Amino acid sequence: MNDSYYKDHWVAIEPERLDRYEAMFKWTPAVEVLLAPAKISSGQTVADFGCGPGYVAVELAKRVGADGHVHAFDINADFIARTRARAESEGLSDRITAHQLTSGKLPLDDDVLDRLVTKNVMVYVDDPAASFQEFHRVVKPGGVAHVVDSDFGMTVVDPVPAGQWRALLDAAAHAFRTPSIGRQLYGLARGAGFADVTVEVVAIPDTHGRMLHFVNNIAGYAHDGDSAISEGDIQNVVDIATNALANGQFFALNPQFMVTCAV
Ligand SMILES: C[S@@+](CC[C@H](N)C(=O)[O-])C[C@H]1O[C@@H](n2cnc3c(N)ncnc32)[C@H](O)[C@@H]1O
């Protein structure tokens, strides 16, 4: 197993997973709740760090209006192409600049952003402390970095027995640089020099199976790993979750840690 698998699996994404992401990353009211503390408004210059296929960037571009601008960043070339295509089809190309990143350094001058948002990306970065320092560099005084992420040790997929879910997560741990990033975001923000840091945790129960995509991704990572978990044990978790959804008994929780940091 390559030590940088947590990054490599984003640089090269297999087609089946790319299609899953189109479904997973759509703009929904649940996303609205997660980005609300960033207070995006007309005229702002905003960055979306780890933009995926561009749904959030397009929504941000609508909100900043003709006088604002959105910089969308990702390490995956296909996501950058999709973000550009999405901007084009929405008539927002001149409001969105999509940049493919090859390092943790953002191609922006100091103090240029009113807002930086990043959702479910910090769990993958090489060095979360360095990323926070970079956010602090590019956000201008009076601006805000709004960072949202999971903490995989706190996820629940019922009725999968807790021990089996934990074993699957452990077998998939190589897919994340910092699996327990959620609980660490506050300290990282403070350590990077953000003066005013607020934390909220949002936990929206999923009984409709949205998180079944996540379960399948975790199973795929476990399958790709070196751990001793058997294929039967991996499939068993997927089957329990899939059958529970069919029986109307599926219940999943993935608390989102929202850390809003003022410069
Ligand atoms: C779980 S997805 C989240 C996508 C989007 N932010 C959302 O919430 O819909 C993680 C994204 O982070 C990107 N990513 C992973 N590591 C990254 C890094 N070191 N720098 C920038 N983007 C990264 C991936 O390519 C992927 O688009």
Residue pairs qualifying under the 6 Å Cβ cut-off, at least six apart or on distinct chains, with the first in region 121-143 being in the same structural domain as K7 (by TED's automatic domain parsing) and over 16 Å from V197 (Cβ atoms) and the second being within 14 Å of the ligand (Cβ to nearest atom) and among the polar types (S, T, N, Q), are V123/T178; V125/S131
Does any residue in region 73-96 that is in the same structural domain as P15 (by TED's automatic domain parsing) come within less than 9 Å, Cβ to Cβ, of a residue that is in a loop (DSSP other than H, G, I, E, B) and exposed (fewer than 14 other Cβ atoms within 10 Å of the Cβ) six or more places away or on a different chain, and which pairs are these? F73/P107; I75/T102; N76/A12; D94/A66; R95/G65; R95/A66
Of the conditions (1) out of contact with any strand residue (DSSP E or B) (no Cβ under 8 Å at 6 or more places or on another chain); (2) away from the ligand (no atom under 13 Å from the Cβ); (3) within 22 Å of M211 (Cβ to Cβ), Q133 fails just one. Which one is it? (3)
Single residue of region 11-44 satisfying the filter (touching a residue at least 12 places away in the same chain (Cβ under 8 Å) and either at positive phi or among the acidic types (D, E) (or both)) that is nearest to the ligand (Cβ to nearest atom): E22
Of all the residues that make up region 10-57, how many are surrounded by 14 or more Cβ atoms within 10 Å (Cβ to Cβ), polar (S, T, N, Q) and under 19 Å from M258 (Cβ atoms)? 1
Could you count how many residues in region 105-130 are more than 15 Å from H71 (Cα to Cα) and either assigned to a loop (DSSP other than H, G, I, E, B) or in contact with a helix residue (DSSP H, G or I) (Cβ under 9 Å, 6 or more places away or on another chain) (or both)? 10
Please state which of the following conditions P107 fails to meet, knowing it meets all the rest: (1) under 16 Å from E134 (Cα atoms); (2) within 14 Å of the ligand (Cβ to nearest atom); (3) surrounded by 16 or more Cβ atoms within 10 Å (Cβ to Cβ). (3)
What strands (runs of 3 or more DSSP E), lying completely within region 131-229, carry at least 3 residues that are buried (at least 19 other Cβ atoms within 10 Å of the Cβ)? 139-149
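Let me confirm something: among A72, A47, A57, which residue is within 12 Å of the ligand (Cβ to nearest atom), part of a helix (DSSP H, G or I) and hydrophobic (A, V, I, L, M, F, W, C)?
Values: A72 fails: part of a helix (DSSP H, G or I); A47 fails: part of a helix (DSSP H, G or I).
Every option except A57 fails the conditions.
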Meets criteria (exposed (fewer than 14 other Cβ atoms within 10 Å of the Cβ) and touching a residue at least 12 places away in the same chain (Cβ under 8 Å)) for P255: no
Filter result for T97 (of a type in the set (S, T, N, Q) and within 14 Å of the ligand (Cβ to nearest atom)): no
Inside region 88-104, can you point out the residues that are buried (at least 17 other Cβ atoms within 10 Å of the Cβ) and over 20 Å from the mean Cα position of the chain (by Cα)? L92, R95
Being at pLDDT 95 or above, within 19 Å of the chain's Cα centre (by Cα) and either more than 24 Å from T198 (Cβ to Cβ) or hydroxyl-bearing (S, T, Y) (or both) is true for just one of D19, D48, D74. Which residue is that? D74
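The values are calculated or read from the model by the stated rules, or taken from the named source; none is laboratory data. Being a predicted model, the structure only gives us computed values, none of them experimental. Cβ sites come from the backbone with ideal geometry, for glycine too, and all protein chains shown count toward neighbours.
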